[in-house]
Amino acid sequence: MRPPFPFPPAALRLLACGALSWAVAAGELPPGGEQAAILARIKAPDFAGRDFVISNYGGTPDGDCTGAIAQAIVACHEAGGGRVVVPAGVWLSGAVHLRSNVNLHLAEGATLRFYPEPARYLPVVLTRFEGIECMNFSPLIYAFEQENVAVTGQGTLDGSANAGTWWAWNNKATSNPTRQSADRQRLDQQGNDGTPVAERVYGEGHFLRPNFIQPYRCRNVLIEGVTIINSPMWEIHPVLCTNVTVRGVHVHSLGTNNDGCDPESCRDVLIEDCVFETGDDCIALKSGRNNDGRRVGVAAENTVIRRCLMKDGHGGVTMGSEVSGDVRNVFVEDCQMDSPHLDRAIRFKSNAMRGGVIENIFVHHVEIGRVARAVLSVEFDYEEGAHGPHKPVLRNVLIEGVTTKSAGCVAVMTAFPGATIDAVRLKDCIFRGVEGADVLKDAGTLTLQNVAIEPAKAGKK
């Protein structure tokens with residue numbers, strides 16, 4: 001049952017003061033027809049009823065199965081498609097490259113464990129590192145310009161990352177610069193300078209970590225059922241893809257920059273019935289960083305997120321910070337968020353170097369147990385902040401039917417003169433257990449309609 005909202009406007013109680021505008025929203029409800037049209041276009045790929053079991057190609061439990069998996073994928077692809085099956089047991093591998101019409105399927109009880117050795121992810125491939133195209137280590141599972149590809153099953157994908165391997169490349173707990181810092185700065189400069197992508201070569205001798213699963217310029221992608229642990233960096237990262245379904249996936253990976261699912265410059269994306277427990281944002285929509293994102297110029301658009309559970313993370317559902325190509329038409333509904341280690345529920349972040357337009361965002365019926373910092377966070381002063389010529393825009397946001405049991409505050413919205421925050425609305429929400437005042441700086445107009453804010457009781461969180 002969805003909770004009733006019996007509170008009349010006169011019953012509103014507000015902790016925050018300052019720049020907050022308190023008014024009844026004049027906007028309409030989200031366009032349900034548009035969401036239905038998006039869902040009608042998203043169809044998971046079908047695969048032929050043929051199985052190619054990796055043990056039939058020389059794979060052995062606890063042995064190096066990289067070659068066996070590659071052979072099975074080629075055989076499956078050349079036969080017209082089907083499933084490449086990883087049976088129950090523990091199987092070791094380097095980079096896996098999928099081909100069209102191939103479903104990499106992990107049987108129940110199967111663990112595909114990836115070596116934490118960078119040399120096994122060479123030669124370099126075209127990828128994006130934090131929103132900038134480059135030639136870098138292959139993602140652990142990669143597909144380039146393929147159609148009808150999938151990773152499915154009830155098994156586990158283990159990236160073998162820990163503080164002594166991949167995560168050590170960006171160990172923010174140390175007082176010294178992280179190993180990836182010089183490479184990240186160099187790549188950022190190459191993107192801003194317009195250096196040809198073929199000349200942005202990293203990989204061996206460098207420290208830009210690969211993502212776990214990355215279909216790149218693919219159509220008809222399905223990631224379903226698997227459990228993902230110990231990722232080097234972002235877990236599920238489709239880039240420039242169309243028709244993507246992520247369903248029933250469990251992500252548990254608490255390392256640095258371990259985002260759960262980051263569709264980047266993708267169109268028509270469905271993320272449903274997933275569980276995220278991450279070291280960074282649970283779900284983050286992205287569209288490229290700075291000049292390189294504007295060069296590619298492809299928005300993240302038409303995304304539906306529903307019936308997901310977000311636990312630990314910097315943000316539950318985030319747009320940014322790499323949004324230079326814009327984000328639009330996002331629908332979040334019937335989700336749950338709850339953890340003392342979940343910092344924010346709905347998060348937007350950009351700055352004057354990244355810019356970008358984020359618009360048409362509809363959040364409906366999200367139940368929040370505990371969120372540590374804020375229900376709504378807009379960080380337009382992220383990293384470079386106001387230092388740049390590309391002012392970010394956030395507009396037409398409706399957050400409706402959201403409830404909390406415990407929250408640091410309702411809203412933290414920090415921007416700068418010239419940035420645009422327009423038509424952000426909270427409607428029919430009940431925020432209980434609110435501990436502190438909102439923070440609003442150059443925050444535009446936040447509108448509330450039929451919203452109750454109940455302070456936390458002293459001594460309780």
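So, in the stretch 171-199, exactly how many residues are among the basic types (Lys, Arg) and either part of a helix (DSSP H, G or I) or under 13 Å from Phe129 (Cβ atoms) (or both)? Explain how you work it out, then say what you get.
As a first pass, look at the stretch 171-199 and keep what is among the basic types (Lys, Arg): 172, 179, 184, 186.
Then drop every residue that is not either part of a helix (DSSP H, G or I) or under 13 Å from Phe129 (Cβ atoms) (or both), which leaves 184, 186.
Summing the residues that are among the basic types (Lys, Arg) and either part of a helix (DSSP H, G or I) or under 13 Å from Phe129 (Cβ atoms) (or both) in the stretch 171-199 gives 2.
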What single numbered condition from (1) within 28 Å of the chain's Cα centre (by Cα); (2) not in a helix (DSSP H, G or I) fails to hold for Gly59? (1)
Any hit, the stretch 35-54, residues being farther than 25 Å from Thr245 by Cβ and of a type in the set (Gly, Ala, Ser): no
Taking the stretch 40-56 only, how many residues are surrounded by 15 or more Cβ atoms within 10 Å (Cβ to Cβ) and in a helix (DSSP H, G or I)? 2
Filter pass, Thr152 being among the polar types (S, T, N, Q), in contact (Cβ under 8 Å) with a residue 40 or more places away in the chain and over 20 Å from Asp183 (Cα atoms): yes
Members of the stretch 156-177 that are touching a residue at least 12 places away in the same chain (Cβ under 8 Å) and of a type in the set (Val, Ile, Thr): Thr156, Thr165
Within the stretch 119-128, is even one residue modelled with pLDDT of 95 or more and either in contact with a His (Cβ under 6 Å, 6 or more places away or on another chain) or farther than 20 Å from Pro210 by Cα (or both)? no
Strands (runs of 3 or more DSSP E) fully within the stretch 387-436 counting 3 or more residues that are over 26 Å from Asn450 (Cβ atoms) and under 22 Å from the mean Cα position of the chain (by Cα): none
Residues of the stretch 167-188 satisfying the condition of being among the hydroxyl-bearing types (Ser, Thr, Tyr), over 19 Å from Ser231 (Cα atoms) and surrounded by 11 or more Cβ atoms within 10 Å (Cβ to Cβ): Ser181
Is it the case that Asp46 is farther than 30 Å from Val378 by Cβ, modelled with pLDDT under 95, of a type outside the set (Ser, Thr, Tyr) and out of contact with any His (no Cβ under 9 Å at 6 or more places or on another chain)? no
Residues that are more than 13 Å from Phe212 (Cβ to Cβ) and of a type in the set (A, V, I, L, M, F, W, C), drawn from the stretch 252-277: Leu254, Cys266, Val269, Leu270, Ile271, Cys274, Val275, Phe276
Give Gly131, Gly191 a once-over and let me know the one that is crowded, with 24+ Cβ neighbours inside 10 Å and at positive phi. Gly131
Residues that are out of contact with any helix residue (DSSP H, G or I) (no Cβ under 7 Å at 6 or more places or on another chain) and under 28 Å from Val296 (Cβ atoms): list the strands (runs of 3 or more DSSP E) wholly contained in the stretch 101-170 that include at least 3 such residues. 125-129, 141-144, 147-153
Count - residues of the stretch 200-241 that are among the aromatic types (Phe, Trp, Tyr) and either assigned to a strand (DSSP E or B) or more than 15 Å from Gly131 (Cβ to Cβ) (or both): 3
Could you grab me the full set of residues in the stretch 245-262 that are part of a strand (DSSP E or B) and closer than 20 Å to Glu130 by Cα? Val251, Ser253, Cys261
Does Thr420 fit the bill of being polar (S, T, N, Q), farther than 21 Å from Leu342 by Cβ and at pLDDT below 95? no
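The values are calculated or read from the model by the stated rules, or taken from the named source; none is laboratory data. Since this is a predicted model, take the numbers as computed values, not measurements. Using ideal geometry, Cβ is built from the backbone for each residue, glycine included, and neighbour counts are taken over all protein chains shown.
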